[in-house]
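The values are calculated or read from the model by the stated rules, or taken from the named source; none is laboratory data. Worth saying up front: this structure is predicted, and the values here are computed from it rather than measured. Note that we place each Cβ from the backbone using ideal geometry, even for glycine, and neighbour counts take in every protein chain shown.
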2 protein chains.
Amino acid sequence: MSEKLIGAAVIGQSGGPTSVINASAYGVIRTALDSECITNVYGMAHGIKGMLADQLYDMGQEDAEELKLLLNTPSSELGSCRYKIADPDKDDTDYKRILEIFKKYNIRYFFYNGGNDSMDTCDKVSRYMAKSGWDCRVMGVPKTIDNDLYGTDHCPGFASAAKYIATSVCEVYKDARVYDTGMITVIEIMGRHAGWLTAAASLASTVGCGPDLIYVPEVDFDMDKFLKDVTDIYNKNGKCIVAVSEGIHYADGTFVSEAKASATDGFGHAQLGGLAAHLANVVKEKTGAKVRGIELSLLQRCGAHLASQTDIDESFLAGKTAVEAAVNGETGKMVGFKRVMTDGKYSCEMILLPLTSVANYEKKVPLEWITPDHNGITSDFADYALPLIAGEPDRKLENGLPRFARLKKVLAK
Amino acid sequence: MSEKLIGAAVIGQSGGPTSVINASAYGVIRTALDSECITNVYGMAHGIKGMLADQLYDMGQEDAEELKLLLNTPSSELGSCRYKIADPDKDDTDYKRILEIFKKYNIRYFFYNGGNDSMDTCDKVSRYMAKSGWDCRVMGVPKTIDNDLYGTDHCPGFASAAKYIATSVCEVYKDARVYDTGMITVIEIMGRHAGWLTAAASLASTVGCGPDLIYVPEVDFDMDKFLKDVTDIYNKNGKCIVAVSEGIHYADGTFVSEAKASATDGFGHAQLGGLAAHLANVVKEKTGAKVRGIELSLLQRCGAHLASQTDIDESFLAGKTAVEAAVNGETGKMVGFKRVMTDGKYSCEMILLPLTSVANYEKKVPLEWITPDHNGITSDFADYALPLIAGEPDRKLENGLPRFARLKKVLAK
């Protein structure tokens, strides 16, 4: 154990929200409030932007029970941002300001809760502080429904979104079979570059309610082949359910959602709806069938009522581990997850990864988990993901509706 | 009690599915299987179409535990149809066929589980059988997420959809506030003629996460006023959440979703997306703000994981009551719900309504529950709806996903 570092801690949240990012924040805040080395705990209003604007909430003034409700409160409760911080070697304006704020509040612990870009911010702050000689410890706490962070078995937030998606697919499967007339359903799922979330639709197959076809952005999309795939299944079964990533793209890299007039569909007008509406239209024109496009939209990333308790527990632990490791002298690391299988039983160990090895690298679905026809996902994915979505959250309710945390958010002076 | 009528019973499901229509079917099937007067219990494959095609499932061959899972299985498990049966005075072909099937299986009890049109079918079958002299008892078991059936305080299926909608609005509310930049969100909710489901968005306000504006089809929609409403709130708060019924219409009766090129929006191209995408586009053009359209789509009617236990219990009871009443001599009736408030505590009594008084009449949201500005819902609605959405379902899970009923569906000979 290294020398004790006494001072304040600050936590910020960044990037797109998830159902459990606040569970990680709670892990940081609760552990920091309880730590002997940490004198004050601050929350950045809207991530690093709040740091730059000297807008820090004093977390010590919050009611303990309300803070605990963060475990089941979706979205980023402290507020998020999508602020790309400069390279300190080129422009150190922001870093000077951060150091100023660090000195003002005697901040010695910096925790940043986010995805790829956030780990990059974290890494840059860490390196600048080391260079400037301000003794502080910087830790990244991961989150991303996209599951694309390098070096960790999976990412906090992914499993809850996966559970929402798989459950919704099960329910749509039932609904889409209700009439004895034909029906094709296209479900659009988030994931611009990685297909993890769309692959989660395949989990519904383990309870007999899976989609017929799945298209992910790890491989090129071919509209003609897609139409043949759908038509073949529709002609055989009278029903067809398709799951597609928002990020599917043609061989030339053009996103299908952006290709307003492809050679196949022949439409020339503006796309008002998203990819699901677009594909539904193309399929309808080709088959004449009744087609419905469904976009799971924001709900897949904020549907905390369907969060995985495993995900909540691990997300909390990621935050807690970050604080404990920092207090013990670690810095410049991101908390990661290591899968441990003992007699076929899943457990998860917290590990620490150098921030430099994580930032700005995207992990994709292994190509061998995609079927040779490029229209499905193998059972390897279910082996990987099923342990992660286990467990139902014990949510606090009011009027039969979610009772989220209500923080006072008192600005620190 | 009237004379005992011994014979078989048949149940059919019709119209759009709900999260709890199978709970009603289970109420009928379980009670009928346990009744001394009922010799066999059949399920129509796809409603009255299965009856006409002599496709009846023998429900006695199902496993009792699987049948019980119908309580938490969404959609119409027996299959549904949208078949409009003729007026028997004009064309009695279908009725002759139905009587033939009744005689073949000695069917003496006919239960039909559906909405407005289904009650009309039920009524016609009831009157034809009475005229033809075939001694049988015909009962309607209501269902509709639209909540628009006459004579009943509320309809089985409504509360579960309402709970799904209100919970989703709470979660979207959190998500839409995550950045410190402006954001307008338009949520499209089902309801072609009645605004009950859209009004359910207002329930989220009781836990502090409600929409800013709500538009229902009970009153005419004015695009200019809508844009002013949204802009005023957006300019004041930087955020605005709007809930709209799919059925909102202009004063001339044109659905907003069908008006491809209104004077206000000026677009001339085909609508690929639905109403939410359309309004999002109009608002974006007007305000320049970041706007997101969300269509809750099928999920609101099949999201059984968020069903209301009160709704499940009452739906089951509606089916059970129909069988018990029929065995006791009732016919030509629909089961309805009567609200009883005792010391402020809600309970629900089963009542019987003449089918003739129910069929083909739509009940709408009372105009006095709509705010004078026509852009909100008063707290009267919450008083009405909150008791209905109470209670969380105890669902059977497998792999962390819903384990729905798996019926054998053995065709009767």
Somewhere in the stretch B:339-360, is a residue touching a Phe, Trp or Tyr at 6+ places or on another chain (Cβ under 6 Å) and buried (at least 22 other Cβ atoms within 10 Å of the Cβ)?
yes
Test: A:Leu56 is surrounded by 14 or more Cβ atoms within 10 Å (Cβ to Cβ) and either away from chain B (no Cβ under 14 Å) or more than 28 Å from B:Val169 (Cβ to Cβ) (or both):
yes
Which condition breaks for A:Thr152 when tested against (1) more than 14 Å from chain B (Cβ to nearest Cβ); (2) more than 17 Å from A:Ser297 (Cα to Cα); (3) β-branched (Val, Ile, Thr); (4) outside any loop (DSSP other than H, G, I, E, B)?
(4)
So, in the stretch A:106-146, how many residues would count as being among the basic types (Lys, Arg) and part of a loop (DSSP other than H, G, I, E, B)?
1
Quick check: anything in the stretch A:391-411 under 27 Å from A:Asn72 (Cα atoms), touching a Cys at 6+ places or on another chain (Cβ under 8 Å), crowded, with 17+ Cβ neighbours inside 10 Å and touching a residue at least 24 places away in the same chain (Cβ under 8 Å)?
yes
Residue hits (the stretch A:296-317; at pLDDT below 95 and under 28 Å from A:Asn40 (Cβ atoms)) are none
Any idea which of (1) within 14 Å of chain A (Cβ to nearest Cβ); (2) within 26 Å of the chain's Cα centre (by Cα) is the one B:Lys239 doesn't satisfy?
(2)
Exclusive hit being modelled with pLDDT of 95 or more and over 20 Å from the mean Cα position of the chain (by Cα), set B:Val207, B:Val216, B:Val141, B:Val169:
B:Val207
Take the stretch A:188-208 and flag every residue that is over 23 Å from A:Lys363 (Cα atoms) and buried (at least 24 other Cβ atoms within 10 Å of the Cβ).
A:Ala204
The lone exception for A:Ala261 - which of (1) at pLDDT below 95; (2) assigned to a loop (DSSP other than H, G, I, E, B); (3) crowded, with 22+ Cβ neighbours inside 10 Å it fails
(3)
Report those helices (runs of 4 or more DSSP H) wholly inside the stretch B:297-404 carrying at least 3 residues which are within 27 Å of B:Thr39 (Cα to Cα) and either in contact with a Ser or Thr (Cβ under 6 Å, 6 or more places away or on another chain) or not assigned by TED's automatic domain parsing to the domain that holds B:Ser24 (or both).
B:309-327
Given (1) more than 24 Å from A:Ala166 (Cα to Cα); (2) within 7 Å of chain A (Cβ to nearest Cβ), identify the lone condition not met by B:Tyr384.
(2)
Right, A:Lys364: more than 14 Å from chain B (Cβ to nearest Cβ), in contact with a Gly (Cβ under 8 Å, 6 or more places away or on another chain) and closer than 29 Å to B:Pro402 by Cα or not?
yes
Which of the residues that make up the stretch A:170-215 are aliphatic (A, V, I, L, M) and within 9 Å of chain B (Cβ to nearest Cβ)?
A:Val172, A:Ala176, A:Val178, A:Leu203, A:Ala204, A:Val207
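Looking at B:Arg82, is it assigned by TED's automatic domain parsing to the domain that holds B:Met129, within 16 Å of the chain's Cα centre (by Cα), more than 20 Å from B:Gly332 (Cβ to Cβ) and surrounded by fewer than 24 Cβ atoms within 10 Å (Cβ to Cβ)?
Against the criterion (assigned by TED's automatic domain parsing to the domain that holds B:Met129, within 16 Å of the chain's Cα centre (by Cα), more than 20 Å from B:Gly332 (Cβ to Cβ) and surrounded by fewer than 24 Cβ atoms within 10 Å (Cβ to Cβ)), B:Arg82 qualifies.
Answer yes or no as to whether B:Asp180 is in a helix (DSSP H, G or I) and either surrounded by fewer than 24 Cβ atoms within 10 Å (Cβ to Cβ) or of a type in the set (A, V, I, L, M) (or both).
On the way: in a helix (DSSP H, G or I): no; either surrounded by fewer than 24 Cβ atoms within 10 Å (Cβ to Cβ) or of a type in the set (A, V, I, L, M) (or both): yes.
It is false that B:Asp180 is in a helix (DSSP H, G or I) and either surrounded by fewer than 24 Cβ atoms within 10 Å (Cβ to Cβ) or of a type in the set (A, V, I, L, M) (or both).
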Of all residues making up the stretch B:387-413, the number that are closer than 30 Å to B:Phe221 by Cβ and facing another protein chain (nearest Cβ under 7 Å):
1
For the stretch B:12-63, give me each residue that is within 14 Å of B:Ala318 (Cβ to Cβ), of a type in the set (S, T, N, Q) and over 20 Å from the mean Cα position of the chain (by Cα).
B:Thr31
Is at least one residue of the stretch B:318-337 within 30 Å of A:Leu306 (Cα to Cα) and either at pLDDT 95 or above or more than 18 Å from the chain's Cα centre (by Cα) (or both)?
yes
Note down all Cβ pairs under 9 Å where the first residue falls in the stretch A:291-317 and is within 30 Å of A:Tyr179 (Cβ to Cβ), the second is of a type in the set (Lys, Arg) and surrounded by fewer than 24 Cβ atoms within 10 Å (Cβ to Cβ), and they're at least six residues apart or on different chains.
A:Val291/A:Lys284; A:Ser297/B:Arg292; A:Leu298/B:Arg292; A:His305/A:Arg395
Among residues of the stretch A:298-322 being of a type in the set (A, V, I, L, M) and in contact with a Lys or Arg (Cβ under 9 Å, 6 or more places away or on another chain), the residue farthest from the other protein chains (Cβ to nearest Cβ) is A:Ala322
Right, B:Lys286: assigned to a helix (DSSP H, G or I), at pLDDT 95 or above and either among the charged types (D, E, K, R) or in contact with a strand residue (DSSP E or B) (Cβ under 9 Å, 6 or more places away or on another chain) (or both) or not?
no
What number goes with the only condition from (1) part of a loop (DSSP other than H, G, I, E, B); (2) touching a Pro at 6+ places or on another chain (Cβ under 9 Å) that A:Ser24 does not pass?
(1)
